[in-house]
Each structure stands twice: as C-alpha cells, then as structure tokens.
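**Q** Here you go, one structure.
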Amino acid sequence: MSIGIHQIVKKFGNFSALKGIDLNIETGELLALLGPSGSGKTTLLRVIAGLEEATSGQVFFLGDDVSRQKVSDRGVGFVFQHFALFRHMNVLDNIAFGLRVRPREQRPSEEKIKEKVHELLKLVRLDGLAPRFPSQLSGGQRQRVALARALAIEPKVLLLDEPFGSLDSKVRKELRQWLRRLHDRLHMTTIFVTHDQEEALEVADRVVVMNEGRIEQAGTPDEVYHKPANAFVYNFLGNVNLFHCRLEGGKAYIANTPVSIKVGVSPEAQKAKIYIRPHLLEISRFSQPDSFKGVIHFLNSAGSVAKVEVLSEWGEIVQVEVPQEQFRSLGLKKGETVFVTLKDAKLFHEDYAI
Amino acid sequence: MSGIVGGKLGVVGREVRRPFLSEPRWVRMLLTTVALVFLASFLALPIAMVLAQALKKGFAFYLHALSEPDALSAIRLTLIVAGVTVPLNLLFGVAASWAITKFDFTGKKFLITLIDLPFSVSPVISGLIFVLLFGAQGRLGEWLGDHNIRIIFSVPGIILATVFVTFPFIARELIPLMQAQGNEEEYAAVTLGANGWQTFWKVTLPNIKWGLLYGVILCNARAMGEFGAVSVVSGHIRGLTNTIPLHVEILYNEYNFTAAFAVASILMLLAFVTLALKHWVEWRAAKDAASSEPGAETP
C-alpha cells in the first residue's frame, strides 16, 4: 500500500516536532527514517499510525485521506520500541489478541485463530513457544513475538519504532538481516525508525535522513552515503573529520597548509568547511604534494581497520583509518611524524549550519 | 544466588553471620527489646484489653450485646454504607487514575491535589461541610426540606461523608502503579484494533488488579471504621443513623463498657481480616510481579 505524507506539522506546545514533512512511500517499499534523537522520526511514525494527531497536514493511504481516522481503523501493524507485549498473556494470546477483539461478524473461529497463530510463530521461527509468557523470553524472541502480533491482523503497512534498539549488538545484526529477508518474502510496505546509520543503510530500500523536524535527504542508501545533500547528512552517516578552511585562488587552505581538494573557481577568498571520512585520508612517511604534517597521537589496530589519531601541524586531532595490511607495512609507532593526504573530501560552505 | 543454594538445602531464612557488618550484641538486643515493648504496649495490650472487657460478663452477654436490635441496626447500617461507598469509590478511583495517567489535560496537577484533599482535611471538617451544604440553614437545605428529602441526620448524609473521606484510597493506590506501567500496552491494543472498552478489560484491568484490590481493602476498612465525619452528619439516632463506631461511643458514654467493647471487637476483627487480606494481596502481587518481570529466574 502506498503512503502519502503531505505537509505534516506536529507541535507539542511551543515545540515543533515536525516542521512540514512531505514524503511518498511506494507500495512494498522498505523505508528507514533515520535521525538523531529529537529529529522527529518517531513522531512521524506515530502520526502515520494515528497514535499522534498531526497539528496540520494529511496522511494518505492508497490516495485516501486517513488523517481523521482512528488508529484502530487504520489497519497498521505497529511494533513498539520496548515491544509492549501484554505481560499477563502468553505468546499465543498476545498474537491472537488482534483477531479476538474483532467484532463478532469478522472474527475467525477459535480454531482458525490458533492455526493462524501457529503459522505466524513458524514465520518468526518461534514454534513451540506459544504457552510461554513474555517474561520467559529473551529480548530477540520478544521482538519477534511483537512482530508476529502486529502481522496477525494482516496490516496494510508495518511500522517499527527502533525495532532493534533495546537488543545487544549481535542479536541486532542477525535480526535486521532476518527482517530484510522477511520483507522480501511478504512485500509489505514497511517503515522503520532508527538512529543507527549502519542499520538504515544495510536494511532499507530507501533512507530518509531527518533532523530537527525536517527531512534533510531521502534516497537510496547509496545516494545518501555517496552523494550527501548537505553537511548534516554527511556528518550523520559515519565518522568524519571536520576542518575549517579558507578558499583562495581555486585552492583550499587549512591554517596555512594548502590541501588537495578541487574547488570551483571562487572570485574572492571565503570560508568553508571540509568534511572527510577517516578512511579517505592516507598516511605516508614522506611528504606528498598538498599533504599536511602531523604526529601520531594514538593507535588502535584491533578491528577490521587500524585507527590512527594524528595531531596535525595546526593542532587538531585528525582521525585516520588505515587498512590492516598497509598499517603493518608502514610500521607506525606513537610519536612518529607522518604526512596525511586528503583523497576525497566534501566541501560545504560556512553559512550552512549543522 | 545464595537463596537458590539455601532453598535447596532447606535452610532458607538463616542469616549468614557477618560479624564485620553487624552491631555489637547489646545494641541488637536493646533495639529488638524496644521494638517489642512498643508493639506489646501499643498493639497487643489494647487488643487483649478489648477482648477481656468484651468477655468480662461471659460469652452469653457478649452475644447478647451484639444481637440486641440497636447493635444489629448499627452493623446493618455500616454494611450498607460500606456497600455503597466502596463501589462508588472503585468507579471514581479507576476513572480518576485512568484520566490522570492516560490523558494529558490542563488542570491535571490540580485534580491530583483535589484527590488528596480528604487526607489533609480533618474528618470532622469534612462532616461539617456537608452539614453546611445540605443542612436546614443553607439555601439547598431549605429546598431539600420543601421537597421532603433528608440528607443530613440520615443515611444519605452518612454515605456522602464516608464517600468523601475514603475516595483517595483507591485512586492513590492506582495512580503511581499506572504511571509506572505506562501506556504502551494500551497503545499496542489500540493498533491491533481494540476499542476503549476492550482495551480496559483485557489489558489495563489485568495489569492493575492487585493494586485495585489493595485499594478496595483499605477503602473498605476506612469506610467501616470512619468516625469523625460520620459523627457530625449522623445525628446519633439510635437504631436509625448509628454506625458501629458511633454505637460504640454511645454505649461507652452510657458506662455500658462491656457492651461497648463487645461491639468494638467487631471492628477489631475487621482490622485483622483487613490485615490478612492486605498481606495476601501483597504476596500475590509480588508473586505476579516476579513472574512478569524480566529476569524472573533469580529469586
């Protein structure tokens, strides 16, 4: 089912949580709402579900305005951040709840309900756990019960609020790949909220980056990662080094060191910010054209890449990620002098505030 | 951890001696003695006195004191008052705590303060408020008199005063409980298609049942034992507007001590029943909480 969001504004007292959101979600799409806390992503999800009423603007399901429809009539499957399982009901009763509260005419028979529950338990790979209570389940299992419960009512759209937020990192990784495969099987329009950029980029078809109640950029994981619309998006989607620089005569200068970035012709000197990811910096033992000098301040080679902190000649800490192989061949040690080259940096003009 | 081991070995409750954490022996003895003497003199002694006085003239007299018409009428009236008050306050308590914990509205803080009001006002004043409101002096009293409706010095007044004095009990018990539980389960129920009524019966009520029962027990105990407010509005008409506590007072003032204590022993019995029920509810609630909290494996 396609979802249209038109000029949604949500105010809590004086605080504007959403400042005019426009977004279209295609049928069968898996969309991530990504942003820091307070960016309005959860509020937007709750507005779509009907758990919050928008101050102004409309939500369309398949072209129909549902803005004034009650939550219980919208037919959305909602998975809460802390699962919100009914603690006094066992797994079977939890999953069956949505079917049992239907009006008598629409309610399936008790055998049909049980059949459906077992089908869903198989889908979320929890067969045999029907008589357990939520307290007897692990975090990952509760998460899947919550998902099965939401799917039981055959929703037209599945909404997940920080679905893996309260799980430990290993379970998170497993579950998000599993969610991706499940989505590929069910092809249900799905929106999930996350503050974890890795999760959004790995799972979603399309990522919507939000900040302070606005959409900063919407695009495929590739687009938002490689073609960030602005400094905020680039900054949010991974570690970055930030340099303040001066543009002069088609060259960029940090302090008084010229650095190797292509700069459009600028008529006069102006200030700009350079953002660069740690793995796009290169360390060498000898001076290169447009490289800057620094002293190794900190080393950590545990992990897939070695992390090096360099104290630059203008006195700032610069983070560099070096592939393990190169790290070994360079044989870097703390306190040594090295030269750093910028391979591919993003330049954003100073007036853009993050 | 040690609880599991201890439980298996059957030595639950035996304290492990940790001399470095413990006070000197004489300090422990002194504190224990003080606590026991206090309990004995302020609880056990009065209880024993009540029973001794009540049975002073023999068991037959005791039964007679309880079964004479005025006593029976007082017992009946007390039961009626509690029977009306508790359900009313049950409804009010659930509605008020539902409103306070599930909705946002202006004046919420004010409502919470209002609920606490009977706790901070002397019961005698509470009774006086109703006398002034519905008594013969007031405008309302005149109108009521013209229409032959009696509130003060009759059963409706007693019920009104009791409702007023006891309404915080259930709400006060439920509000913190429902605040701690949050609204997420209710939201989940609503997204699954449940209406408000279904959400209340199937989700909210099972989660608050022990707190609710606890509040009902406390409310009932107070409704049956209330003296001050009821005393002001009752008018002390024997056989008509006397509740058990008022009847005890009348007998006492007539120097009929044995009968007074006999009737008082009913209230004492009520106290014991309340205490036992309260204990049982706490135990059940703790058991339920233990089985519905994450990490229930550890005792």
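**Q** Quick one: how many residues across the stretch A:34-59 are among the small types (Gly, Ala, Ser), more than 17 Å from residue A:22 (Cβ to Cβ) and away from chain B (no Cβ under 12 Å)?
**A** Residues flagged as among the small types (Gly, Ala, Ser), more than 17 Å from residue A:22 (Cβ to Cβ) and away from chain B (no Cβ under 12 Å) within the stretch A:34-59 amount to 2.
**Q** Free of Cβ contacts under 8 Å to residues at least 12 places away in the same chain and crowded, with 22+ Cβ neighbours inside 10 Å: is that true of residue B:189 in this structure?
**A** Against the criterion (free of Cβ contacts under 8 Å to residues at least 12 places away in the same chain and crowded, with 22+ Cβ neighbours inside 10 Å), residue B:189 does not qualify.
**Q** Moving on to the next point. Assess whether residue B:194 counts as being in a helix (DSSP H, G or I), within 13 Å of chain A (Cβ to nearest Cβ), on the phi < 0 side of the Ramachandran plot and hydrophobic (A, V, I, L, M, F, W, C).
**A** No, not satisfied.
**Q** Within the stretch A:152-171, is there a residue that is more than 14 Å from chain B (Cβ to nearest Cβ) and either within 21 Å of residue B:197 (Cβ to Cβ) or among the polar types (S, T, N, Q) (or both)?
**A** Looking through the stretch A:152-171, at least one residue is more than 14 Å from chain B (Cβ to nearest Cβ) and either within 21 Å of residue B:197 (Cβ to Cβ) or among the polar types (S, T, N, Q) (or both).
**Q** List the strands (runs of 3 or more DSSP E) that sit entirely inside the stretch A:18-114 and contain at least 3 residues that are farther than 24 Å from residue B:199 by Cβ.
**A** Qualifying strands (runs of 3 or more DSSP E): A:30-34, A:56-61.
**Q** Next question. Could you list all residues from the stretch A:80-98 that are hydrophobic (A, V, I, L, M, F, W, C), more than 9 Å from every other protein chain (Cβ to nearest Cβ) and in contact (Cβ under 8 Å) with a residue 40 or more places away in the chain?
**A** Those that are hydrophobic (A, V, I, L, M, F, W, C), more than 9 Å from every other protein chain (Cβ to nearest Cβ) and in contact (Cβ under 8 Å) with a residue 40 or more places away in the chain: A:91, A:95, A:96.
**Q** Of A:84, A:96, which residue is within 21 Å of residue A:162 (Cβ to Cβ) and aliphatic (A, V, I, L, M)?
**A** Going through A:84, A:96 in turn, the sole match is A:84.
Yes or no, residue by residue, for (1) assigned by TED's automatic domain parsing to the domain that holds residue A:245; (2) surrounded by 14 or more Cβ atoms within 10 Å (Cβ to Cβ); (3) closer than 18 Å to residue A:280 by Cα; (4) touching a residue at least 12 places away in the same chain (Cβ under 8 Å):
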| residue | (1), (2), (3), (4) |
| --- | --- |
| A:297 | yes, yes, no, yes |
| A:316 | yes, yes, yes, yes |
| A:323 | yes, no, yes, yes |
| A:327 | yes, yes, yes, yes |
| A:330 | yes, yes, yes, yes |
| A:333 | yes, no, no, yes |
| A:340 | yes, yes, yes, yes |
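**Q** Also, I was wondering about something else. Say whether the condition of being over 22 Å from the mean Cα position of the chain (by Cα), surrounded by 16 or more Cβ atoms within 10 Å (Cβ to Cβ), of a type in the set (A, V, I, L, M) and within 26 Å of residue B:183 (Cβ to Cβ) is met by at least one residue in the stretch A:22-40.
**A** no
Conditions tested, residue by residue: (1) assigned to a strand (DSSP E or B); (2) of a type outside the set (A, V, I, L, M); (3) assigned by TED's automatic domain parsing to the domain that holds residue A:11; (4) touching a residue at least 12 places away in the same chain (Cβ under 8 Å).
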site	(1), (2), (3), (4)
A:171	no, no, yes, yes
A:181	no, yes, yes, no
A:193	yes, no, yes, yes
A:208	yes, no, yes, yes
A:215	yes, no, yes, yes
A:222	no, yes, yes, no
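**Q** Residue A:21 - would you say it is away from every other protein chain (no Cβ under 14 Å) and touching a Ser or Thr at 6+ places or on another chain (Cβ under 9 Å)?
**A** Against the criterion (away from every other protein chain (no Cβ under 14 Å) and touching a Ser or Thr at 6+ places or on another chain (Cβ under 9 Å)), residue A:21 does not qualify.
**Q** Which of the residues belonging to the stretch A:60-79 are within 9 Å of chain B (Cβ to nearest Cβ) and not hydrophobic (A, V, I, L, M, F, W, C)?
**A** Hits for the stretch A:60-79 are A:70, A:72, A:73, A:74, A:75, A:77.
**Q** Moving on. So residue A:275 fits all but one of (1) under 29 Å from residue A:322 (Cβ atoms); (2) of a type outside the set (Gly, Ala, Ser); (3) modelled with pLDDT of 90 or more; what number is the exception?
**A** (3)
**Q** Let me ask another. Give the residue that is nearest to the other protein chains (Cβ to nearest Cβ), with candidates limited to residues of the stretch B:174-186 that are assigned to a helix (DSSP H, G or I) and surrounded by 16 or more Cβ atoms within 10 Å (Cβ to Cβ).
**A** B:185
**Q** Now for a different question. Please count how many residues of the stretch B:279-290 are surrounded by 13 or more Cβ atoms within 10 Å (Cβ to Cβ) and modelled with pLDDT under 85.
**A** The number of residues fulfilling the criteria is 4.
**Q** Which number in (1) more than 16 Å from residue A:3 (Cβ to Cβ); (2) more than 14 Å from chain B (Cβ to nearest Cβ) marks the one condition that residue A:215 misses?
**A** (1)
**Q** To continue, here is another question. Any residue in the stretch A:122-132 that is more than 20 Å from residue A:179 (Cα to Cα), within 14 Å of chain B (Cβ to nearest Cβ) and either assigned to a helix (DSSP H, G or I) or not polar (S, T, N, Q) (or both)?
**A** Yes, some residue in the stretch A:122-132 is more than 20 Å from residue A:179 (Cα to Cα), within 14 Å of chain B (Cβ to nearest Cβ) and either assigned to a helix (DSSP H, G or I) or not polar (S, T, N, Q) (or both).
**Q** Please go through the stretch A:241-272 and give me each residue that is closer than 14 Å to residue A:344 by Cβ and modelled with pLDDT under 85, ordered by number.
**A** Once the filter is applied, which keeps residues that are closer than 14 Å to residue A:344 by Cβ and modelled with pLDDT under 85, the stretch A:241-272 yields A:252, A:259, A:260, A:261, A:262, A:263.
**Q** For the stretch A:99-121, name all the residues that are more than 14 Å from every other protein chain (Cβ to nearest Cβ) and touching a helix residue (DSSP H, G or I) at 6+ places or on another chain (Cβ under 7 Å).
**A** Selection gives A:121 alone.
The values are calculated or read from the model by the stated rules, or taken from the named source; none is laboratory data. Remember, predicted model here, so these are calculated numbers, not experimental data. Note: ideal-geometry Cβ built from the backbone for every residue, glycine included; neighbour counts use all protein chains shown.
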